[in-house]
Amino acid sequence: MNKIIKTLLRRLTGIVLLLLGFAGLVLPGLQGILMIVGGSLILFPEETVLGKKIRQWLKEKKDQVGKKLEHRKRNQSMEKLEHRKQNQSPDEN
C-alpha cells in the first residue's frame with residue numbers, strides 16, 4: 001500500500017510539473033523548460049530508456065554551459081586587465 005501511494009504521488013507530481021512547464025512556455029513568469037525537465041526526471045527514472053536519454057542530454061547541456069561560462073570569465077578577465085593598463089597614469093609605468 002505504501003509503495004502504491006509513493007508511486008501515485010510521484011506520477012502526480014511529474015504530471016503537474018509537465019503541465020506547468022507547457023503552460024510556462026506560453027505564460028511569462030514560469031520557467032517552462034525547467035519544469036518540463038523536472039517533471040520528466042520525476043516521471044522517467046534512470047532505469048528507463050527515456051530517463052537515460054534525458055539525463056544524457058542534461059549532462060551534455062551542462063558541459064556546454066560550463067564551457068561557455070569559462071570562456072566568458074576568461075574574456076572578462078582579459079578585458080579588465082586591458083582596461084587597467086589603459087587607465088594607468090604615466091607616473092605608474
Report task. Look at the stretch 25-66 and say how many of its residues are exposed (fewer than 11 other Cβ atoms within 10 Å of the Cβ), of a type outside the set (Val, Ile, Thr) and over 14 Å from the mean Cα position of the chain (by Cα). Result -> 5
Report summary line: Within the stretch 1-24, residues surrounded by 10 or more Cβ atoms within 10 Å (Cβ to Cβ) and farther than 11 Å from LEU43 by Cα come out as LYS6, LEU19, LEU20, GLY21, PHE22, ALA23, GLY24
Query raised in the report: So LYS80 clears everything in (1) under 30 Å from LEU17 (Cβ atoms); (2) assigned to a helix (DSSP H, G or I) except one condition, right? Which one?
Result: (1)
Report summary line: Quick count over the stretch 1-51, residues being of a type in the set (Asp, Glu) and touching a residue at least 24 places away in the same chain (Cβ under 8 Å), is 0
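Any read-out appearing in this document is the output of simple, stated calculations on the displayed coordinates, not a laboratory observation. All values reported here derive from a predicted model rather than from experimental measurement. Virtual Cβ from ideal backbone geometry, glycine too; neighbours counted across all protein chains shown.
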